[in-house]
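Structure first, commentary second.
The values are calculated or read from the model by the stated rules, or taken from the named source; none is laboratory data. Given the structure is predicted, the values throughout are model-derived calculations rather than measurements. Please note: Cβ atoms are built from the backbone with ideal geometry, for glycine as well, and neighbour counts cover all protein chains shown.
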Amino acid sequence: MTRRNPTLWSTPSTLCCVPIAHPQSIEQLTALLRDEPKTVLLAGGTDLMVALNHGSQRIGPDELIVSLKEVSELSIIEVDHEQRLLRIGAGVSWDELLGAPVDALAPCLTQAARTVGSHQIRTSGTIGGNIATASPAGDGVCALVALNAVAVLTSPAGQRRVAVEHVATGPKRSVLANDEFIESIEMPIIDGWQGYSKIGTRNAMVISVAGVAAVLSANSNSCRIALGSVGPTVMLAEDASSIAGDSIDWSNFEISADSLEHIGELVQQAASPIDDHRSTAAYRSHSVGVLARRLIERGVEEMRNSK
Ligand SMILES: Cc1cc2nc3c(=O)[nH]c(=O)nc-3n(C[C@H](O)[C@H](O)[C@H](O)COP(=O)(O)OP(=O)(O)OC[C@H]3O[C@@H](n4cnc5c(N)ncnc54)[C@H](O)[C@@H]3O)c2cc1C
């Protein structure tokens, strides 16, 4: 095993006898991932600690937990006016997504953040953790897919950009390599309308039974509809998105009842849900169709009213 560099351990600590490193910068984090053969990244811990407590994930004595909390670059929220991009560090918490500038520039992400867990979960949990955990029910992921966001992945080998919808490859599986981490998420600033809706068994502290994010872009007269909890990963409903973009009258901001019905049907066809302890497949399919139809209808109406 490579010798550990003590300078990267600002405040060495342990978790059940497993050492925890606290890198302070991307440079230190990347060096750790290069030098340490077995690492487990820890952000807010709201998924990881649950998995460890339940025993669905174990950390061996030769593994090193790497806390991301003190890596300052992971906490950025930046607006690039020239490129019309919003850049959010992977370590930004749900709570931090509730305020400016995210609420104005990516309101469907703020709406998704507002639905997550409880105040404690929103304070600790991060957007990067939501993507990396690769749950089909990730509320933040659903909003980011509709926003056409890109994850910036960094490793000792360099950097690559992957569309958020392609980061997860299945439940709890992702394209992330062992020595790779999500540094930030970039999304275009879109003029138009966006919204997020979720169905759960109650109003708070609930993983979604079905979730839909819709982004209506007046820049490109197009639409993106993302679906959560109705397949192995969060997915883009491609046909429904394309028909929605074509059906909206972008001059007068109108859409026919028939088109809305058709969009709902296409969304249902895109879904491939399962029965589980939270819901039935049939209810999930029905729900995403209704949620998508209502979101598009509301979006078009609100754009018309604010003309
Ligand atoms: C009670 C409760 C309620 C919840 N409610 C919701 C909800 O309503 N909606 C929802 O979507 N989620 C919910 N969650 C799940 C969880 O809060 C989110 O997925 C959260 O965003 C995970 O972020 P974290 O920082 O806590 O990740 P962690 O638990 O620290 O990490 C999760 C995984 O991601 C990896 N990881 C973390 N950061 C990075 C990174 N930057 N790069 C690469 N890998 C990384 C870790 O190694 C780990 O495998 C809930 C969880 C609990 C316990």
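If you filter the stretch 270-297 down to residues that are modelled with pLDDT under 95 and β-branched (Val, Ile, Thr), you find that the one that is nearest to VAL209 (Cα to Cα) is THR280.
Is it fair to say PRO136 is of a type outside the set (Phe, Trp, Tyr) and either farther than 27 Å from LEU291 by Cβ or over 13 Å from the mean Cα position of the chain (by Cα) (or both)? In short, no.
The residue of the stretch 164-189 that is nearest to GLU301 (Cα to Cα), among those that are away from the ligand (no atom under 12 Å from the Cβ) and not in a loop (DSSP other than H, G, I, E, B), is PRO188.
For the stretch 256-278, the tally of residues that are surrounded by 20 or more Cβ atoms within 10 Å (Cβ to Cβ) and either part of a loop (DSSP other than H, G, I, E, B) or in contact (Cβ under 8 Å) with a residue 60 or more places away in the chain (or both) stands at 2.
Per the listing GLY200, GLY211, GLY117, GLY192, the residue uniquely touching a helix residue (DSSP H, G or I) at 6+ places or on another chain (Cβ under 6 Å) and either near the ligand (Cβ under 8 Å from one of its atoms) or modelled with pLDDT of 95 or more (or both) is GLY211. Picking from residues in the stretch 120-145 that are under 23 Å from GLU73 (Cα atoms) and among the small types (Gly, Ala, Ser), the one that is farthest from the ligand (Cβ to nearest atom) is ALA143. For the stretch 115-127, filtered to residues that are outside any helix (DSSP H, G or I) and among the hydroxyl-bearing types (Ser, Thr, Tyr), the residue that is surrounded by the fewest Cβ atoms within 10 Å (Cβ to Cβ) is SER118.
Checking GLY44 against (1) within 12 Å of the ligand (Cβ to nearest atom); (2) at pLDDT below 95; (3) among the small types (Gly, Ala, Ser), only one condition comes out false. Which one? GLY44 satisfies every listed condition except (2). Taking the criterion of being surrounded by fewer than 20 Cβ atoms within 10 Å (Cβ to Cβ) and within 11 Å of the ligand (Cβ to nearest atom), the only residue of the stretch 96-114 that qualifies is ARG114. Confirm whether VAL175 is among the β-branched types (Val, Ile, Thr) and closer than 20 Å to LEU86 by Cβ. Here the answer is no, as VAL175 does not meet what is asked. Just one of the numbered conditions (1) in a helix (DSSP H, G or I); (2) free of Cβ contacts under 8 Å to residues at least 24 places away in the same chain; (3) closer than 21 Å to TRP193 by Cα is not true of GLN111: (2). Condition check: under 25 Å from GLU27 (Cβ atoms) and assigned to a strand (DSSP E or B). Does GLN194 satisfy that? Against the criterion (under 25 Å from GLU27 (Cβ atoms) and assigned to a strand (DSSP E or B)), GLN194 does not qualify. Where residues in the stretch 56-95 are over 20 Å from LEU32 (Cβ atoms) and among the hydroxyl-bearing types (Ser, Thr, Tyr), which of them is surrounded by the most Cβ atoms within 10 Å (Cβ to Cβ)? Top of the filtered list is SER93.
On the stretch given as the stretch 146-163, residues that are away from the ligand (no atom under 11 Å from the Cβ), in contact with a strand residue (DSSP E or B) (Cβ under 8 Å, 6 or more places away or on another chain) and in contact (Cβ under 8 Å) with a residue 40 or more places away in the chain total 3. Within the stretch 23-72, the set of residues being touching a His at 6+ places or on another chain (Cβ under 6 Å) and outside any loop (DSSP other than H, G, I, E, B) comprises just one member, SER67.
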